[in-house]
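Colleague: Sharing a structure, written as structure tokens. Questions coming.
Every number in this text was worked out from the coordinates using simple rules, so none of it is lab data. Keep in mind it's a predicted model, so treat the numbers as computed, not measured. Cβ coordinates were reconstructed from backbone atoms using ideal geometry, including for glycine residues, and neighbour counts include every protein chain displayed.
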Amino acid sequence: MNTFSFLWRYAADTHHLCLEGPLHRPPSLRRRRELPLADAPIALLDALLDPEFPAGGATELTLGSRTITLLHIDAHRGVIVNLSRTMHRLSALERHLRVMEEGIEALPEGFVLYDNHDRLIIANSQYSALYPSIADTVQPGVSFTEIVHTSMARGQMQLHDEDADSWIRRRLAFHRKGEGFFEQHLDDGRWMSVSERRTASGGTTSIRSDITALKQREEELRLASETAQARSRSISRFLAIFSHEVRNGLNGIVGLAQILAINARAHGEQGKSDVLLEATQRVSTVLSDLLEYLKSEATDVNVKLSDVDPRFLLEAIDAQFSQRAAERGLFLTVDVAADVPAVVRGDPSRIQQVIANLVSNAIKYSQRGTVAVTLHRVGDRLRYEVADEGIGIATGALPGLFEFFSRAAAIDRQSTGLGLAISKRLVTAMGGEIGVDSALGCGSRFWCELPLAIVGHREVPRETAPQPRTPRPLTVGLIDDDALNLAVADSLLRQMGHTPHIFADGDALLAHLAQQPLDAVLLDQMMPNETGHQIAVRVRAQSGSASRNLAILLASGNVLSDTSIDVGMGGIDAVLTKPLLSDDLDAALRAAVARRDQGLEAATLVLSMPSALPVTHADDQLDRLQAAIGPQRLKQSLNAAHRLLGDAREAIATKDLRPLAGLAHRIAGNAATLGFPALGNAARTLETRLRDNGDGGHDAGVPLVSLLETIAGLIAAADEHLLQRLALLPPSAKRRKTGA
């Protein structure tokens, strides 16, 4: 909108003011008027008629609500300009600026604004109050860089082991980026959160918030978490020791009861011995349920995925329970539908535990007929069913059947009410469902459905499937540090028709294998000088058919450690939980030996009552990482991890122990993040070993060479997985070159 302006000329003869305008119009369209000055304000007359007013001078006058400016060309000519509209706009602008400044000043957070040259325009008083050490420098025109350097020079920031130059570079880089959040720890202990954003004109706005209370709460939560974790570890350690001692003692009692029962039957005096055996087995079952419940309360249920042969899994169930079913006058059948894939992804120990519990219950509550175990495909799931012709369950008892301490009324007085609840927890952790169809007096059909993930397109002809039973007697090695358990296992094996060989340690076993092969070896897991798993690793590291064809079984009394064993690298064929029952031991031995005889890889199962420590599957963890940081940053991380693992493999291959402690420390820090906890645990063990013992050669535990062999295998497996994942990621985007 144009400001109105007119040419004026004073006509002295008529005492009139002659006006022509507005000047923004062409001359032909301007208006011309003569105004008498008789009644004009004195101020206007003084300005118009002042003969000494300099040419080019200006006078501003306020006439009513109008503001005008008189511009003199000479004593009696000039330009008159009406500035009323302009002044109104200036007044409105001043009001808006005042309101904006009041709003900025009223903010509870500190506010500062820099122009496109990074010089301070405005900062509220709260900003200066948050940074008292540099309040005197917070003035318009000061540069952001000067404020940062002044703050550092006056010691306002806590650096937390970071040097001043690095902190300044990091702060300036964040400021140039113009987005995100930056935390500052001030010298007085307060914490600030800095949020910065770019403006359209190239300036920078910044909000400063005091987050001291949040950081204190975060620290409290961290300490509480560490305390809870320490308590959980203490409980876990107690439970591990408790379960080991209880199961070890039970193993001796149950084993002796089994031997007495077998001997009594041979002499026709089986009555009392059978009662004793039944009582010990009942105590064993109750304590096993109790330990499993305590474990489920002390640790989270985690799933360890691997390739599973569903047919072999059910054949192992058949081998484990067929004799028990026959002793009760029952017939156990196993049927796998033709549409079930040869190999799927799953947790074999968890699946086996659930199905074993359902079959055990079916046998326990049936007096006649058949217990039928079936497996078939339902869409994208596998459905396991265990049907019996037993006493059945009343309809009213079904809704709470899978809750802890729930029992099917009076008919279930011997049950702890734990087995089905534990099974439900395991099935849920595997992403499946479990249920039952039953009526009192009509038998029961328990079922569970698990997600189906097919591995490749491998087909296993049924005629080549392993037969878990073989009539021939077996030669079985035994290593156990407990004399009673060793004697019990020796007697049980002899009464099964097998030939046991007792060895003092892993060295004695290897020396025997160098001269004469064995069919299988049964190793106690928890021994003072060398664990069963460590012995297994050393056996598999040997060349030759004696080591390759040997079936390796572990016996464990620790409820928390069974599936922490890396069965893939150790080449372990089965893990049995103490106390050992003769039928289960015989079935496991024959199934493992049958697979080895046919040259098949170990399809490891945890028999009786398995458990697991937290294990994160690499694929799931890498999927979460990719969703969080994007494919390009994931690719960078995987390449860095690949280089790190390559350095470690080279150091192990060249037996260069000097850099290994540092490499092991870095691997331990990265392995869990990428989803390889077994590698992380092994790396921490190696790091501790090397730092405590220098060359790692003076330790009563596992020999260093075995530890290095284990880690080398874990590294190879992890590296192969990383390379496979890298091949699936998109290529890195090429950056465009820009001019200076």
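Colleague: Any idea how far the Cα center of region 123-172 sits from the one of region 179-229, in Å?
Modeller: After rounding, the separation between the Cα centres reads 15 Å.
Colleague: Select from 430, 398, 382 the residue farthest towards the positive end of the dipole of region 306-454; place +1 on Cβ of Lys and Arg, -1 on Cβ of Asp and Glu, and compute about the Cα centre.
Modeller: So the residue we want is 398.
Colleague: Oh, and also: ³J(HN,Hα) across region 445-454 via Karplus (A = 6.51, B = -1.76, C = 1.60, θ = phi - 60°), whole Hz, x for Gly/Pro?
Modeller: The phi angles translate into 10, 8, 9, 9, 10, 10, x, 9, 10, 6 Hz.
Colleague: Given a Förster distance of 56 Å, report the FRET efficiency between residue 214 and residue 705 from their Cβ-Cβ distance, rounded to the nearest 0.05.
Modeller: On the way: r = 50 Å, r/R0 = 0.90.
So, using R0 = 56 Å, E works out to roughly 0.65.
Colleague: In terms of the Cα gyration tensor, with a ≥ b ≥ c the square roots of its eigenvalues, is region 110-151 rounded because a/c is under 1.5, prolate because a/b exceeds b/c, or oblate? Mind dumping the intermediate values first?
Modeller: Details: a/c = 2.18, a/b = 1.26, b/c = 1.73.
Cα axes put region 110-151 in the oblate bin.
Colleague: Rounded, prolate or oblate, given the Cα gyration tensor of region 330-374, with a/c below 1.5 counting as rounded? The partial results should precede the final answer.
Modeller: Values: a/c = 4.91, a/b = 1.58, b/c = 3.11.
Oblate, since a/c reaches 1.5 and b/c is not below a/b.
Colleague: Want the number for residue 166 to residue 23: 0.36 nm per residue separation, take away the alpha-carbon distance, what's left? Walk me through the numbers before you get to the answer.
Modeller: Numbers: separation 143, 0.36 × 143 = 51.48 nm, distance 6.35 nm.
Length gained, residue 166 through residue 23: 45.1 nm.
Colleague: Treat the count of other C-beta atoms within 10 Å as a stand-in for reagent exposure and order 526, 87 from fewest to most.
Modeller: Numbers: 526 20, 87 14.
With the sparsest Cβ surroundings first, the list reads 87, 526.
Colleague: Between residue 201 and residue 395, with labels modelled 7 Å along Cα→Cβ, what's the label distance in nm to one decimal, could you check?
Modeller: 8.0
Colleague: Tabulate in residue order the Karplus-calculated ³J(HN,Hα) for region 651-656, using 6.51 cos²θ - 1.76 cosθ + 1.60 with θ = phi - 60°, rounded to whole Hz; enter x for Gly and Pro.
Modeller: 5, 5, 5, 8, 6, 8
Colleague: Follow-up. Can you list residues from other chains, or at least 5 along the same chain, whose modelled amide H is less than 5 Å from the amide H of residue 343?
Modeller: 455
Colleague: Based on the alpha-carbon gyration tensor of region 105-215 and its eigenvalue square roots a ≥ b ≥ c, which shape applies: rounded if a/c is under 1.5, prolate if not and a/b is larger than b/c, or oblate? Intermediate values should be presented prior to the final figure.
Modeller: On the way: a/c = 1.39, a/b = 1.22, b/c = 1.14.
Rounded shape, in that the Cα axes give a/c under 1.5.
Colleague: I've got another one for you. Length gain on complete extension for the stretch residue 502 to residue 380, per 0.36 nm per residue less the alpha carbon to alpha carbon distance? Intermediate values should be presented prior to the final figure.
Modeller: Working: separation 122, 0.36 × 122 = 43.92 nm, distance 4.81 nm.
Stretched fully, the residue 502-residue 380 segment lengthens by 39.1 nm.
Colleague: Now for a separate question. Pulled fully out, how much extra length does the chain show between residue 656 and residue 221, if you take 0.36 nm times their separation in residues and subtract their Cα-Cα distance? Before the final figure, lay out each step's value.
Modeller: On the way: separation 435, 0.36 × 435 = 156.60 nm, distance 4.20 nm.
Value of the extension gain: 152.4 nm.
Colleague: Further, regarding this structure: Within 10 Å, count the other beta carbons around each residue, average over each peptide in 582-589, 531-538, 337-344, 21-28, and list them highest first.
Modeller: On the way: 582-589: 23.2, 531-538: 24.8, 337-344: 15.5, 21-28: 11.5.
Packing proxy ranking, top to bottom: 531-538, 582-589, 337-344, 21-28.
Colleague: Next up: Obtain the nm distance between the two label points defined at residue 87 and residue 688 by a simple spin-label model: each point lies 7 Å from its Cα along the Cα-to-C-beta direction.
Modeller: It works out to 8.6 nm between the two label points.
Colleague: Next question, about the same structure. Kindly state, to the nearest 0.05, the FRET efficiency for residue 515 paired with residue 494, given R0 = 25 Å and r defined as their beta-carbon distance.
Modeller: Values: r = 22 Å, r/R0 = 0.89.
It comes to 0.65.
Colleague: For residue 78, list long-range residues whose amide hydrogen, built 1.01 Å from N in the peptide plane, is under 5 Å from its own amide hydrogen.
Modeller: It is 8, 73, by chain and number.
Colleague: Another question, then. Go through region 225-232 residue by residue and turn each phi into a ³J(HN,Hα) via Karplus (6.51, -1.76, 1.60, θ = phi - 60°); whole Hz please, and just put x for glycine and proline.
Modeller: Using θ = phi - 60°, the values come out as 5, 5, 5, 5, 5, 5, 5, 4 Hz.
Colleague: To continue, here is another question. Evaluate the distance, in nm, between pseudo-label points positioned 7 Å from the Cα of residue 145 and of residue 327 along their respective Cα→Cβ axes.
Modeller: Placing both labels 7 Å along Cα→Cβ, they lie 8.6 nm apart.
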